[in-house]
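**Student:** Mind having a look at this structure? Questions to follow.
The values are calculated or read from the model by the stated rules, or taken from the named source; none is laboratory data. The structure presented is a predicted model; accordingly, all values stated were derived computationally and were not measured. Glycine gets a Cβ as well: all are built from the backbone with ideal geometry, and neighbour counts include every protein chain shown.
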Amino acid sequence: MGKQANEYSYPWLEEGEVPPLPLDRDRIHIVSQGVADPVFDYDIIPLTYTESRWMAFVVEADEANLNAIIPDPVELHDPILEFWYVIHRNTMLGPYMEFGVTASSTVKGQDGHVTKGGYYPYMYLSNDSPIFAGREPFGFPKKAAYIAAFEHGTNDNYFNMTMERRGYVFHSANGRYSDKPTPHKPTFYGKTDWGRLNYRITTYPDITRTRHQVTHLGSELPPQFGTGHRFQLDPSSVRTCTGEDVRSWYMAGTPFDFMGGQLGNVTVHGLISFTFNLIIPPASIVWERTVERDPEKDFGALLFSTPFKYTMRHRFMIPMYPGA
């Protein structure tokens, strides 16, 4: 047998830098699989984020295009989008990069109450643990991608972002901060009565039932987790620019991710960047519907899918953030 080199130490556990492994905890805290691993997982509520850096383009898209990607009963409020990148340096899910699109939207629940929030039609992340933690429990539409976002140059005056997935670059942009205000802001900015909305789909193993739910994360913390707001922005960290300061913008549709094709031509009004802390508690359900299928009548429709014809490849992602 050849030589072996194995590392069995885990100082981050002994020093309390991360939570105990799932099987070392009380079973009441285990809410997901796998049970034995990993170190960073979803079994910690509420999730906390500290010193994350948010870089949000303010983008205006065609309302018809947006209505085509927002599912009923969610309704578009206006066409001004938050088109954002974020560097998560310190989280209970490990460090990772993230991208998303947020549209100001409303949803009317079965009780008639209208809930306001930013709805996410697209989300991409660089690591698997936060993908699961957002997609399964909350309904975030998270998928894996390579994401890079940097502020650099004198006084970090320059920015550039790139996102690639399965061999295709489907967004990139760069420019310079002028610290001039953007002419528009997303409707939900600075409003405590606007939360965040997601569409969650859960199918039973026998495929006879699928639950469709709209989940909501409010601006304020639930009482059991303290007082105040979930999102805390550092005002001294804010940088801005106008659309004229965004010197290049590329967005495309690919065989795997048709975001660029669905959004179409957009108007970039500027960029707003800031550093923030965040808490994510359990979500509430504001709308729900169950779809039931008859195996004899409906299962035939599930058998006509054409096999995926494009080449797929595995990639082992590394967190891309300053200092990595």
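**Student:** What are the residues in the range 113-146 that are hydroxyl-bearing (S, T, Y), in a strand (DSSP E or B) and in contact with a Phe, Trp or Tyr (Cβ under 7 Å, 6 or more places away or on another chain), if any?
**Tutor:** Across the range 113-146, the qualifying residues are Y120, Y124.
**Student:** Tally the residues that are modelled with pLDDT under 80 and among the hydrophobic types (A, V, I, L, M, F, W, C), restricting the search to the range 40-56.
**Tutor:** In the first step, residues of the range 40-56 are kept if they are modelled with pLDDT under 80; the result is 40-44.
Okay, now just the ones that are also among the hydrophobic types (A, V, I, L, M, F, W, C), so 40, 44.
Number of matching residues: 2.
**Student:** Moving to a separate point now. In the range 236-279, what residues are over 13 Å from H171 (Cβ atoms), hydroxyl-bearing (S, T, Y) and either in a strand (DSSP E or B) or touching a strand residue (DSSP E or B) at 6+ places or on another chain (Cβ under 6 Å) (or both)?
**Tutor:** Within the range 236-279, S237, T240, T242, T267, S273, T275 qualify.
**Student:** Related question: Just checking: which of the strands (runs of 3 or more DSSP E) contained wholly in the range 1-112 hold 3 or more residues that are out of contact with any strand residue (DSSP E or B) (no Cβ under 6 Å at 6 or more places or on another chain)?
**Tutor:** none
**Student:** Further question: Hey, among T162, T192, T187, which residue is surrounded by 15 or more Cβ atoms within 10 Å (Cβ to Cβ), more than 24 Å from D128 (Cβ to Cβ) and touching a His at 6+ places or on another chain (Cβ under 8 Å)?
**Tutor:** Working: T162 fails: more than 24 Å from D128 (Cβ to Cβ); T192 fails: surrounded by 15 or more Cβ atoms within 10 Å (Cβ to Cβ).
Matching residue, one of T162, T192, T187: T187.
**Student:** Next up: Can you tell me which residue among E63, E82, E51 is acidic (D, E), under 20 Å from the mean Cα position of the chain (by Cα) and more than 30 Å from E17 (Cβ to Cβ)? Outline the logic, then answer.
**Tutor:** Values: E63 fails: under 20 Å from the mean Cα position of the chain (by Cα); E51 fails: more than 30 Å from E17 (Cβ to Cβ).
Just a single option satisfies the conditions, and that option is E82.
**Student:** Please verify whether the range 217-228 includes one or more residues that are aliphatic (A, V, I, L, M) and surrounded by 13 or more Cβ atoms within 10 Å (Cβ to Cβ).
**Tutor:** So far as the range 217-228 goes, yes, one or more of its residues are aliphatic (A, V, I, L, M) and surrounded by 13 or more Cβ atoms within 10 Å (Cβ to Cβ).
**Student:** Sticking with this one: In the set T210, T154, which member is farther than 19 Å from V86 by Cα and loosely packed, with under 14 Cβ neighbours inside 10 Å?
**Tutor:** That would be T154, the only listed residue that is farther than 19 Å from V86 by Cα and loosely packed, with under 14 Cβ neighbours inside 10 Å.
**Student:** So, one more: Can you tell me which condition I207 does not meet? The list is (1) over 25 Å from L93 (Cβ atoms); (2) without any contact (Cβ under 8 Å) to a residue 12 or more places away in the chain, and all the others hold.
**Tutor:** Against the list (1) over 25 Å from L93 (Cβ atoms); (2) without any contact (Cβ under 8 Å) to a residue 12 or more places away in the chain, I207 comes up short only on (2).
**Student:** Can you pull out every residue in the range 211-235 that is free of Cβ contacts under 8 Å to residues at least 40 places away in the same chain and part of a strand (DSSP E or B)?
**Tutor:** Passing the criteria: E220, H229.
**Student:** Would you pick out the residues in the range 64-121 that are at pLDDT 95 or above, buried (at least 16 other Cβ atoms within 10 Å of the Cβ) and among the small types (G, A, S)?
**Tutor:** G100, A103, S104, S105, G117, G118
**Student:** Moving to a separate point now. Tell me, which residue of the range 55-65 that is touching an Asp or Glu at 6+ places or on another chain (Cβ under 9 Å) and among the hydrophobic types (A, V, I, L, M, F, W, C) is farthest from T187 (Cα to Cα)?
**Tutor:** Looking at residues that are touching an Asp or Glu at 6+ places or on another chain (Cβ under 9 Å) and among the hydrophobic types (A, V, I, L, M, F, W, C), I get M55.
**Student:** Of T192, T187, T162, which residue is touching a residue at least 40 places away in the same chain (Cβ under 8 Å) and among the polar types (S, T, N, Q)?
**Tutor:** Answer to the check: T187.
**Student:** Additional query: Just to be sure, is S219 modelled with pLDDT under 95 and more than 24 Å from I147 (Cβ to Cβ)?
**Tutor:** It is true that S219 is modelled with pLDDT under 95 and more than 24 Å from I147 (Cβ to Cβ).
**Student:** Note down all Cβ pairs under 8 Å where the first residue falls in the range 44-59 and is within 16 Å of I272 (Cα to Cα), the second is in a strand (DSSP E or B) and acidic (D, E), and they're at least six residues apart or on different chains.
**Tutor:** Listed pairs, sorted by first residue: R53/E151; M55/E151; A56/E82; F57/E82; V58/E82; V59/E82.
**Student:** Evaluate the following for D37: is it surrounded by 17 or more Cβ atoms within 10 Å (Cβ to Cβ), at pLDDT below 80 and of a type in the set (D, E)?
**Tutor:** So D37 does not fit the description; no.
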